[in-house]
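One structure is given here, and the rest of the page talks about it.
No value in this document is a laboratory result; all are computed from the given coordinates. Just so it is clear, the model here is predicted, and its values are computed rather than measured. Backbone-built Cβ (ideal geometry, glycine too); neighbour counts: all protein chains shown.
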Amino acid sequence: MTAEIIDGKAFAANLRASIAEDVAAFRDAAGRTPGLAVVLVGDDPASAVYVRNKGRATREAGMESLEHRLPGSAGQDELIALVEQLNADPTVDGILVQLPLPGQIDERAVVAAIDPDKDVDGLTTTNAGRLANNMDGLAPCTPLGCIMLLKDQLGELKGLEAVVIGRSILVGKPMAQLLLAENCTVTIAHSKTRGLADVVRRADIVVAAIGIPHMVKGDWIKPGATVIDVGINRTADGLVGDVDFAAAASHVAAITPVPGGVGPMTIACLLANTLTAAKRREGIA
Ligand SMILES: Nc1nc(=O)c2c([nH]1)NC[C@@H]1CN(c3ccc(C(=O)N[C@@H](CCC(=O)O)C(=O)O)cc3)C=[N+]21
């Protein structure tokens, strides 16, 4: 058996094209263009590349990209003042503060300042609470993209055993919530989980979001399982995921590659969330 390689890049390209059509319809209905503000503090080169890619994708979808840069020495009050200015700006539908932030800034305080209805990263406690309560809100982009790939691959997810490895606020926890909303039986495993290999062996769906290159071994994964690899690790061998891809690919049903899997979906879902936020602000379904 050879695994199907899930083409996240192609799926994301289709999604972006369909968002671009919806953006055009939004512009006709609302008489304005949806806007995404991206805030970058400092000059970390990897963050600068991500921000540039997000800006390009935003414009390609026909939306306005507003980029704000603050020096790495910026204070927390200065950053929060910028967030509040963006909250009040009627042309801004989505606000993304690129993480991580420099050490002198409390990320939690900055995220808490974002208007939850513009929180296109889904990081505020309000949006986490909405997700936990099955209310309309904005869910984090990476888990949203993973769910789209899983539904496309498997159709109905009801009753499947899903194991999420990782419990971050950005990926692991919201991923588990979204899988639960799809009626999966969900286990969240993490660095302190005992017998991790045997926990993972139960899974029909494995979502790996640990941040350790090739930590998940091929023989941890049940034959015929579907594997979503969220890891993006820069190593001497280039960009690799959290799953030992070659070993898993021999017996799983389907697996996302790194790069070209989840990463492009994250950016496409950021655009989707921005359009969702804009429609809600305009009272368009
Ligand atoms: N507030 C905030 N929100 C984020 O969503 C956020 C963030 N901060 N900080 C950094 C991480 C990282 N991130 C990625 C998005 C897309 C790719 C992506 O498209 N990756 C390509 C490869 C890119 C490459 O070659 O480096 C792929 O996997 O195919 C990767 C990483 C979003 N992040």
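Annotations
- Take the Kirkwood radius over Cα pairs of the chain, plug it into Stokes-Einstein at 20 °C and 1.002 mPa s, and you get 110 µm²/s for translational diffusion.
- For a 4.7 Å threshold on C-beta separation, the list of partnerless cysteines in the chain reads 146, 184.
- Candidates 136, 43, 237, ranked by Gaussian network fluctuation over the chain, Cα under 10 Å, top entry: 237
- Per DSSP, loop GluC sites (Glu not before Pro) in segment 67-157 with at most 13 further Cβ within 10 Å: 156
- Per-pair calculated FRET efficiency, R0 = 30 Å: residue 125 and residue 77 via Cβ, rounded to 0.05: 0.90
- Axis angle, to the nearest 10 degrees, between helix 262-282 and the longest C-alpha principal axis of the chain: 40 degrees.
- Cα centre as origin, Lys/Arg/Asp/Glu Cβ charges: the chain dipole, Debye: 440
- Here 276, 187, 142 are placed in order of increasing Cβ neighbour count within 10 Å, fewest first, which gives 187, 276, 142.
- Fewest-first sequence of 182, 4 by Cβ atoms within 10 Å of each Cβ: 4, 182
- The simple Förster model, with R0 at 35 Å and r as the Cβ-Cβ distance, assigns residue 64 and residue 14 a FRET efficiency of 0.95.
- Among the listed pairs 9/158; 9/217; 192/279; 54/151; 9/192, those beyond 30 Å (Cα-Cα): 192/279; 9/192
- Principal-axis analysis of the Cα atoms of the chain puts helix 45-60 at an angle of about 70° to the longest axis.
- Sorted by Cβ neighbour density within 10 Å, fewest at the top, the residues 269, 184: 184, 269
- Once the C-beta distance of residue 32 and residue 106 is scaled by a Förster radius of 41 Å, the resulting FRET efficiency is 0.75 to the nearest 0.05.
- Gain on full stretching of the segment that runs from residue 53 to residue 180 - 0.36 nm per residue minus C-alpha separation: 42.6 nm
- Ordered from longest to shortest, the equivalent ellipsoid semi-axes for segment 31-115 are 22, 16, 9 Å, each the square root of 5 times a Cα gyration tensor eigenvalue.
- Between 0 and 90°, nearest 10: helix 76-88 axis offset from the chain longest Cα axis: 80
- In units of the compact-protein estimate 2.2 N^0.38 Å, segment 1-81 shows a Cα radius of gyration of 1.45.
- When +1 charges are put on Lys and Arg Cβ atoms and -1 charges on Asp and Glu Cβ atoms, the dipole computed for segment 141-263 relative to its Cα centre reaches about 360 debye.
- Fully extending the segment from residue 217 to residue 25, taken as 0.36 nm per residue of separation minus the present Cα-Cα distance, adds 64.5 nm.
- Model label points for residue 161 and residue 193, set 7 angstrom from Cα along the Cα-to-Cβ axis, are 1.2 nm apart.
- Paramagnetic reach from residue 134 (point 7 Å along Cα→Cβ, amide N under 20 Å) across segment 157-179: 157-162, 173-179
- Evaluated at q = 0.08, 0.16 Å⁻¹: base-10 log I(q)/I(0), Debye formula over Cα of segment 128-285: -0.22, -0.86
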